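The values are calculated or read from the model by the stated rules, or taken from the named source; none is laboratory data. Small disclaimer: the values here were computed from a predicted structure and weren't measured. All Cβ positions, even for glycine, are placed from backbone atoms using ideal geometry, and neighbour counts span all protein chains on display. Surface areas here come from the heavy atoms of the whole protein model, side chains and all, with no ligands, DNA or RNA. Shrake-Rupley method; radii C 1.70, N 1.55, O 1.52, S 1.80 Å.
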Amino acid sequence: MHQDHGVVTMETLRAFRGTTVLGFDVLRSSHGFFPHFLVEVSEQDVRRQIEALSMYRTYADKYYFDRRVTRSALIRQGACELPYAEGFDILRIVSRFRRAA
């Protein structure tokens with residue numbers, strides 16, 4: 001929704017033409033995010049993500065950096081029968097297929 005995020009997305013797609021590009025949820029500015037690609041993450045991954053986000057001291061008082069919100073988002077995205085998952089939007093998939101011998 002944020003204008004800057006839209007510009008960054010378009011420039012990323014332009015600059016990295018031959019590369020898979022995935023978008024991620026920005027809790028503060030995305031409404032109705034429904035990921036189309038889910039990656040299972042472990043409890044250790046969840047703790048690492050929470051720890052990494054806690055390094056952004058200027059955001060310490062923001063609800064969207066609260067460790068409970070982060071954990072809840074990963075649980076919600078994991079509701080597809082996984083304990084936790086990180087959700088992504090597929091912006092571009094680049095793949096190569098091999099012919100069977």
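In Å and whole numbers, how far do the C-alpha atoms of the chain stretch along each principal axis, longest first?
Principal-axis extents of the chain (Cα, largest first): 54, 34, 25 Å.
What number, in nm² with one decimal, is the all-direction average of the projected area of the convex hull of the alpha-carbon atoms of the range 46-85?
2.5 nm²
Would you mind checking the tilt of helix 43-54 against the longest principal axis of the Cα atoms of the chain, expressed as 0 to 90 degrees and rounded to 10?
For helix 43-54, the angle is close to 70 degrees.
Over all Cα pairs of the range 4-46, how is the pair count split among 5 Å bins, expressed in % and running from 0 up to the last occupied bin?
That works out to 5, 16, 21, 22, 21, 12, 4, 0, in percent per bin.
Quick one: 3J(HN,Hα) in Hz for the range 8-13, Karplus 6.51/-1.76/1.60 with θ = phi - 60°, rounded, Gly and Pro as x.
Using θ = phi - 60°, the values come out as 4, 4, 5, 5, 5, 4 Hz.
Go ahead and run the numbers for FRET between Leu27 and Ala101, Cβ-Cβ distance against an R0 of 41 Å, rounding to 0.05.
Step by step, r from the Cβ atoms, then E = 0.30.
Suppose all protein chains stay in the model; what accessible area per residue would a 1.4 Å probe give for the range 32-101, in Å²?
Heavy-atom accessible area per residue stands at 82 Å².
From the phi angles alone, apply the Karplus equation (6.51, -1.76, 1.60; θ = phi - 60°) to the range 90-101 and give each ³J(HN,Hα) in whole Hz, x where the residue is Gly or Pro.
Listing the rounded values in order: 7, 8, 7, 10, 10, 9, 10, 9, 9, 7, 5, 6 Hz.
Ignoring ligands, DNA and RNA, what percent of the accessible area of the chain is carbon or sulfur (1.4 Å)?
That fraction is 56 percent.
Helix-derived [θ] at 222 nm for the chain: sum -39500 (n - 2.57) over DSSP H runs of at least 4, divide by residue count, nearest 500?
Computed mean residue ellipticity for the chain: -11000 deg cm²/dmol.
With +1 on the Cβ of every Lys and Arg and -1 on the Cβ of every Asp and Glu, and nothing else charged, how large is the dipole of the range 1-91 about its Cα centre, in debye rounded to the nearest 20?
The calculated dipole for the range 1-91 is roughly 220 debye.
Around Pro35, what is the net charge, scoring Lys/Arg as +1 and Asp/Glu as -1 over all other residues with Cβ under 9 Å from its Cβ?
Once all neighbours under 9 Å are counted, the net charge is -3.
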